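Notes follow the structure.
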Ligand SMILES: [Zn+2]
Ligand SMILES: [Zn+2]
């Protein structure tokens with residue numbers, strides 16, 4: 001699969017436990033297949049609460065619509081219910097979700113605050129983000 005942000009970069013697969021995460025080494029964006037975020041957070045109900053799929057969000061200024069790396073359909077922008085809200089891309093056919101660099105780590109931080117630490121999110125934050133150290 002190619003990175004929906006960089007277009008000519010190929011996503012690399014990382015696997016932890018049973019969760020496969022596709023990752024772009026150039027822009028540090030992350031693609032999650034449908035259902036994988038639930039596995040990462042470990043709680044489907046809570047995950048659904050974080051994401052407001054079905055209520056399209058406004059794209060940040062200058063950000064173009066991206067294409068799903070699997071089916072190439074134009075993805076829709078959705079936002080999380082976290083504060084601050086995170087805008088992510090969602091395949092209209094439900095293939096998965098795209099998060100820009102640091103966004104997944106931010107969501108996992110929120111999940112931890114609500115649900116407590118999980119091994120998978122600790123692993124992913126090690127790999128993908130130091131969003132807590134930036135502030
Ligand atoms: Zn990329
Ligand atoms: Zn798709």
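Which shape class applies to the stretch 1-81: rounded if a/c is under 1.5, otherwise prolate when a/b exceeds b/c and oblate if not, where a ≥ b ≥ c are the square roots of the Cα gyration tensor eigenvalues?
oblate
Could you calculate the FRET efficiency of residue 8 with residue 77 from 1/(1 + (r/R0)^6), where r is the beta carbon distance between them and R0 is 25 Å, rounded to 0.05?
Once rounded, the FRET efficiency stands at 0.65.
Any read-out appearing in this document is the output of simple, stated calculations on the displayed coordinates, not a laboratory observation. All of these numbers come straight from a predicted model, not from anything done at the bench. Reconstructed Cβ throughout: ideal geometry from the backbone, glycine too, with neighbour counts over all protein chains shown.
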